[in-house]
Amino acid sequence: MGASPAAHPRAKPHARRITGTESLTVPARVCAGIAPRVAAIPFGPFMPPPLRRLLPVLILASLLAAPAARARNAKAEAPIPAATVALMQAKGTDPASPVLFRAYKKESEIEVWKRGPGGRFVYIKTFPICRWSGQLGPKRQNGDRQTPEGFYSVPKRQMNPNSRYYLSFDVGYPNAYDRAHGGTGSALMVHGVCSSMGCFAMTDRSVGEIYAIARDALKGGQAAFQFQAYPFRMTAENMARHRTDPNYAFWQQLKEGADRFEATGDELQVGVEGGRYVFAPARDPAKEVAVATRRAAEAARIAALVHDGAPAVRTTYSDGGQHAFWASLISRGAPVGEISRPEALAYAGQEVVVIPGFRRPAPPPEAVWAAWIGPGAPMGDLRARGFVPAYARAPDRFALPARYADTLPRLVAAALAGALPPGPETGTGPALGTLAALEAH
């Protein structure tokens, strides 16, 4: 009997049979890399011996990789849920129309906006953020764990159907503004699971829907969609509360963009000049009037809030935050995948008061103080020499809008216009009394 191949001194290692069980241990990522090459093998009598010996392994690898590839394609090509499509249709838009996303870190939310039939973007729905990291404020350098703030553009090449975190897209940090300020870092994503190191982590289910919404808009012809990232909702109240924050000047630039979007409903045309965000004016002059009106009203509102005693605070985090929706689900044991630094969430959103707030005394109701100075009232005819009431002064073009306490009471206005009934003393109008005596001197 001849020696077995294993015992023969000239037996070669590649002659050992590879069993089916051993073949199944080939990693899926290796199979995925090998499988596409099977089709390129030169079958026939002139096939090189090494390939002939590896052919069974390559074929098996191709078969093993096929389900994984189909699974990746399935999640990346999953349709938008019917309920979300219905929301779009109710607003006069559809999945193929351009999309725009707005993220708010403090509120831990991402909004979806779609272009409507009149060209104006309309709100569709909100997704709660499961995890973001860092503090309020822009990202500055690689490794600072900051989730970015600013205006970003996402073309198709930044969509990642093969993400380690289910599905994802790169928001585009650093943009021109970030680079102008020396910003470093990359791969800041909106992705699945609940773990963040500078990203917006949404959980697999939520990011699957967000990805589908973005994908269909890009397929519909949108070259790139805009991603607006804010520290908080850019209201006058939030701006007044954070007026002492070191990032306030930067946030004023974001506020300008947010106000412009709210006033026009148009996607922002963003540039960077002198290290600042700048915004192209709307082609429609009426929209520019709307922008100017909103900007003036918001500035006046902020000034009035500060004047009336709004506190100034710093909102601090141990390492980012999480929407209360996810916190509630997680507390009940709902699976959301990996959660980054869960212990830090106990210290999320702590407000440190920098300037205490105060409440100015409310003015007396009109019915009360009008009665004090009405006809026949003890104080009705008293006036200090040289006093000019607010309603009788020349208007100041640069002053803030008058408050209620500075306006002319209706009762006094009626008296000056002669619309009141005759006074009890003269029968012809309000009594003059002491007022006439004072003016006679």
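Evaluate segment 297-312: report whether one residue or more is in contact with a Ser or Thr (Cβ under 6 Å, 6 or more places away or on another chain), assigned to a helix (DSSP H, G or I), free of Cβ contacts under 8 Å to residues at least 40 places away in the same chain and closer than 27 Å to GLU256 by Cβ. Full working, then the answer.
Of the residues in segment 297-312, the ones in contact with a Ser or Thr (Cβ under 6 Å, 6 or more places away or on another chain) are 312.
Within this subset, residues satisfying the condition of being assigned to a helix (DSSP H, G or I) are none.
Within segment 297-312 (the criterion being in contact with a Ser or Thr (Cβ under 6 Å, 6 or more places away or on another chain), assigned to a helix (DSSP H, G or I), free of Cβ contacts under 8 Å to residues at least 40 places away in the same chain and closer than 27 Å to GLU256 by Cβ), the answer is no, since none of the residues qualifies.
For segment 177-213, enumerate the residues that are in contact with a helix residue (DSSP H, G or I) (Cβ under 9 Å, 6 or more places away or on another chain), among the small types (Gly, Ala, Ser) and closer than 25 Å to TRP113 by Cβ.
GLY192, ALA201, GLY208, ALA212
Just to be sure, is SER168 assigned by TED's automatic domain parsing to the domain that holds MET234, of a type in the set (Ser, Thr, Tyr) and without any contact (Cβ under 8 Å) to a residue 60 or more places away in the chain?
yes
Which one of these is at pLDDT 95 or above, part of a loop (DSSP other than H, G, I, E, B) and either farther than 30 Å from HIS181 by Cα or in the same structural domain as SER153 (by TED's automatic domain parsing) (or both): GLY320, GLY333?
Going through GLY320, GLY333 in turn, the sole match is GLY320.
Which of (1) crowded, with 19+ Cβ neighbours inside 10 Å; (2) assigned to a helix (DSSP H, G or I) is the odd one out, the single condition GLN222 does not satisfy?
With respect to (1) crowded, with 19+ Cβ neighbours inside 10 Å; (2) assigned to a helix (DSSP H, G or I), GLN222 is out only on (2).
Working only within segment 343-370, note down all residues that are part of a helix (DSSP H, G or I) and within 30 Å of ARG243 (Cα to Cα).
Of all residues in segment 343-370, those part of a helix (DSSP H, G or I) come to 343-347, 366-370.
Result: GLU343, ALA344, LEU345, ALA346, TYR347.
Residues are listed down the side, and each one gets a yes or a no for (1) surrounded by 19 or more Cβ atoms within 10 Å (Cβ to Cβ); (2) in a helix (DSSP H, G or I); (3) modelled with pLDDT of 95 or more:
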site	(1), (2), (3)
SER196	yes, no, yes
SER206	yes, yes, yes
GLU209	yes, yes, yes
ALA212	yes, yes, yes
MET239	yes, yes, yes
ASP245	yes, no, yes
GLN252	no, yes, yes
TYR277	yes, no, yes
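Which residue pairs have Cβ atoms under 6 Å apart, sit 6 or more places apart or on different chains, and have a first residue in segment 244-264 that is assigned by TED's automatic domain parsing to the domain that holds PRO231 and a second that is assigned to a helix (DSSP H, G or I) and surrounded by 16 or more Cβ atoms within 10 Å (Cβ to Cβ)?
Pairs found: none.
Which ones in segment 81-102 are surrounded by fewer than 19 Cβ atoms within 10 Å (Cβ to Cβ) and assigned to a loop (DSSP other than H, G, I, E, B)? Before the answer, list the steps.
Residues of segment 81-102 that are surrounded by fewer than 19 Cβ atoms within 10 Å (Cβ to Cβ), as a first pass: 81-87, 89-92, 94, 96.
Matches in segment 81-102: PRO81, LYS91, GLY92, ASP94, ALA96.
Residue-by-condition table, conditions (1) under 19 Å from GLN228 (Cα atoms); (2) crowded, with 18+ Cβ neighbours inside 10 Å; (3) in the same structural domain as ALA223 (by TED's automatic domain parsing); (4) at pLDDT 95 or above:
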| site | (1), (2), (3), (4) |
| --- | --- |
| GLU273 | yes, no, no, yes |
| THR293 | no, no, no, yes |
| ILE302 | no, yes, no, yes |
| ARG314 | no, no, yes, yes |
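Of all residues in segment 106-120, which are in contact with a Gly (Cβ under 7 Å, 6 or more places away or on another chain) and surrounded by 24 or more Cβ atoms within 10 Å (Cβ to Cβ)?
Passing the criteria: only SER108.
Listed here are the residues, each with its yes/no results for (1) buried (at least 19 other Cβ atoms within 10 Å of the Cβ); (2) in a loop (DSSP other than H, G, I, E, B).
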site: PHE127; (1), (2): yes, no
site: ARG157; (1), (2): no, no
site: ARG179; (1), (2): no, no
site: GLY185; (1), (2): no, yes
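The values are calculated or read from the model by the stated rules, or taken from the named source; none is laboratory data. Note that the coordinates shown come from a computational prediction; the quantities given were computed from them, not determined experimentally. So basically every Cβ, Gly included, is an ideal-geometry build from the backbone, and we count neighbours across all protein chains shown.
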